[in-house]
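Beneath this line is the structure, given in C-alpha cells, with notes to follow.
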Amino acid sequence: MRADLIVTNARVLTMDAARPRAEAVAIAGGLVLAAGSRSEVEALAGPGTQVIDARGRTLLPGFVESHLHLVLGGAELDKLQLGGVHGLDRLRALFLSYAERNPDAPLLMAQGAEYGILDHPVTRADLDAVIADRPIAMMAPDHHTVWANTAALKAAGILAGAEMPRGHEVVMGADGLATGELREFEAFAPVMALSGETRINLGIATGGEPSPWPAEAEQAVDRAKALAGLRHCATHGITSMVNMDGNRYTLELLRGLQREGNLLARVKVPFHFKPHMDLAELDRADAMTRDFADDWLQSGFVKMFMDGVVDSGTAFMLEDYPGQPGHRSEPLFAPDRFKEICCEIDRRGLQIAVHAIGDGAVRTTIDGYEAARQANGPRDSRHRIEHIELIDPADVPRLSALGITASVQPSHPPGAMDFPMFPTMNQIAQHRWKDAYLTRTLAEAGAKVAFASDWPVTDVNVMRSLQASQTRPVYGAEGRDERLDLMAALHAYTAGGAWAAHREGVTGTLRPGLAGDLVLIDGDVEAIPATDLGGTGIALTVCGGRVTHALPGTV
C-alpha cells in the first residue's frame, strides 16, 4: 500500500511504549500506515503521495482536549474579552467601544472578567456606571458567575429576585433587589437568554433539549459557532475532544457538520444529568450512546456537577471557608441520592464524569463511584473527576484503587497561567494549600491523568497549558512541586486523554492501524525552554489524514 501523506525528517514521539521514537510517519486511508525510520517510511511514497519535510520539528499524536465546551467557546470568540482588565475606567472604555461596534445587540456580553476586576465586589450600580441604557453583563473566567446591570436584570425579569434550585442564586441586596451578581447557570440563564443563544446553553444549563426543535436556519447559525470552535482548536493541534456539556441537539449539530465534511476533530458529547431529573431520564443517555457511535462522534457518558467554584464560595468544602464561619457550601446532589444515580449509570455501562472542585465534592464523588463498584462489581468504567482543585490526603489513594481518572487543567492553578494567585487562594485555608491543585501527587499515587483547558474558561492553546504545567508555582512552605515532567505532560495531552475517553483503540498514539491524527510542533519540544513553550506555534494539524491547519510554508 502506498501512503497518501508522509511527514518525514521529524522528531517523532509516538506515545507508543513499544516504539516510542521514530523519524517519519506515513498515513493511508486516514490511518497510520507506518511510523519508523526515514528510509522505511519514505519507501511507502507513491506518485500521488504528499510528502512534508518536518525539518527536525517534533511530531506527536494529535492533542486530545479532555475537557472543553466547544460550541460555547466558538460562540464566545467574537464577544468582548476582559482578560487582564482592571478598574472601572478601563471597563467603561472597552464596553463603550464594544457597544458602538454592536449597535443592535440585545445584550452586550463580555467574557473573562476576573473576580477582582474592581477593588470591591461588583454590583449592578457599577455596571450601570459603565452603560445604563442597554443590557450589559460580564462573565467570570470560570463561567460560574455573571454580573449584570439593572437594564439586563429588568429585561430578564429577575431584578426582584427569582426562586432557584439548590446551588444557584440571584444574590439579593438589602434594598430587596438583585445586586447584579448571579451565581451558577440557572441564575444567569435568564440574562444569557437575552442574547438569543439559549439553544446552545441548554446542554450545560438544564440538560434539556430545545423546544420547539430548531428550524434548519437556526441550526445553521449554531453549526457555524461549532465550526468556528473546531477551526480555532485545529490551530492548536487538537484532533480529539471531550465536550463537557451536551445534549442530543449538540450531537445533531456536530452530525450536520460531519455530513458537510466540516467535522474537524473527533468529539465525545455527554448526557448532562441534573439534580432534578428522574433516573428514567437516563434512557436519553442510552439513546444518545446508541445513535452516535462512530470514530468521529460519540456519546457514551454522563456529566454531572457536584459543586461550583472556589472564587464564589460555591465549591463544597470539608472545612469552613477562611473568614466565613459555618460556610462550606453544599453538594448539588445529596450524597445518598448521588450514590443511587451512580449505581444506575454504571449499571447501564456508561461512563461518569463529575465536576468536583472542593474537597467535599471530591469525596462525595469518590463515595458515589465506590458505591457503584460495590453494587455492580468492578469493570473498566474509567469514571472521571473533573478539576479536583482541593482534595483531602486520605482520598488521594482512592482514585487509583477505584480506577478513577483525574481530569485536570494545567492552566487552572492560580499563578500558573492567566489566573492570578489572589483572590482565589484567599478562599483556601493556608494549611490546606499543600492539598490544592495536585497533579504529580495524584499521578504518583497511581491515578490516570488527562490534561485539558476547560475552554473557554481558559485559553485552549495546548502549548500555553504545557508551559503552565512545567512552570506552575509551589503553594506555601509545606507545598510540594506538583509539576509532571514534560513527557508525562505530553502523554496526558495525547495517549492519556485518549485512554480516559475509552478511545485508545482509535487515537492517542502513532502506530499502524490507529487514526492518522498528527500535530507538528513548530520546534523541538524537548529543547525548548519551559518558559518559551507557550510562545511556540503549531506548524501542522492532521486529523484522519486530512490537514486541518498548517502554517504557511509547511505544506
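The requirement of being at pLDDT 95 or above, in a helix (DSSP H, G or I), farther than 30 Å from L263 by Cα and in the same structural domain as I404 (by TED's automatic domain parsing) is not satisfied by E281.
With a requirement of 2 or more residues that are in contact with a Gly (Cβ under 8 Å, 6 or more places away or on another chain) and in contact (Cβ under 8 Å) with a residue 60 or more places away in the chain, the strands (runs of 3 or more DSSP E) lying completely within region 150-254 that satisfy it span 238-243.
Looking across region 320-357 at every residue that is part of a loop (DSSP other than H, G, I, E, B) and among the small types (G, A, S), the one that is farthest from T206 (Cα to Cα) is identified as G323.
Listed here are the residues, each with its yes/no results for (1) of a type outside the set (D, E, K, R); (2) in contact with a strand residue (DSSP E or B) (Cβ under 6 Å, 6 or more places away or on another chain); (3) buried (at least 21 other Cβ atoms within 10 Å of the Cβ); (4) on the phi > 0 side of the Ramachandran plot.
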{"residue": "P270", "(1), (2), (3), (4)": "yes, yes, yes, no"}
{"residue": "L282", "(1), (2), (3), (4)": "yes, no, no, no"}
{"residue": "A285", "(1), (2), (3), (4)": "yes, yes, yes, no"}
{"residue": "E319", "(1), (2), (3), (4)": "no, no, no, no"}
{"residue": "P325", "(1), (2), (3), (4)": "yes, no, no, no"}
{"residue": "E330", "(1), (2), (3), (4)": "no, no, no, no"}
{"residue": "P335", "(1), (2), (3), (4)": "yes, no, no, no"}
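Of all residues in region 464-477, those satisfying the criterion of being modelled with pLDDT of 95 or more, farther than 22 Å from T235 by Cβ and touching a helix residue (DSSP H, G or I) at 6+ places or on another chain (Cβ under 8 Å) are T471, Y475. Residues in region 85-102 include none that are under 29 Å from the mean Cα position of the chain (by Cα), among the charged types (D, E, K, R) and either surrounded by fewer than 13 Cβ atoms within 10 Å (Cβ to Cβ) or not in a helix (DSSP H, G or I) (or both). Of the helices (runs of 4 or more DSSP H) lying entirely inside region 409-526, those containing at least 1 residues that are in contact (Cβ under 8 Å) with a residue 60 or more places away in the chain and in the same structural domain as F301 (by TED's automatic domain parsing) are 462-471, 486-492, 495-500. Only one entry in W433, W455 is out of contact with any strand residue (DSSP E or B) (no Cβ under 6 Å at 6 or more places or on another chain), of a type in the set (F, W, Y) and modelled with pLDDT of 95 or more, namely W433.
Only a single criterion out of (1) surrounded by 20 or more Cβ atoms within 10 Å (Cβ to Cβ); (2) modelled with pLDDT of 95 or more; (3) of a type in the set (D, E, K, R) is not satisfied by E76, namely (2).
The values are calculated or read from the model by the stated rules, or taken from the named source; none is laboratory data. In this text, all values refer to a predicted model and were calculated from it rather than measured experimentally. Positions of Cβ are backbone-derived with ideal geometry, glycine not excepted, and every protein chain shown enters the neighbour counts.
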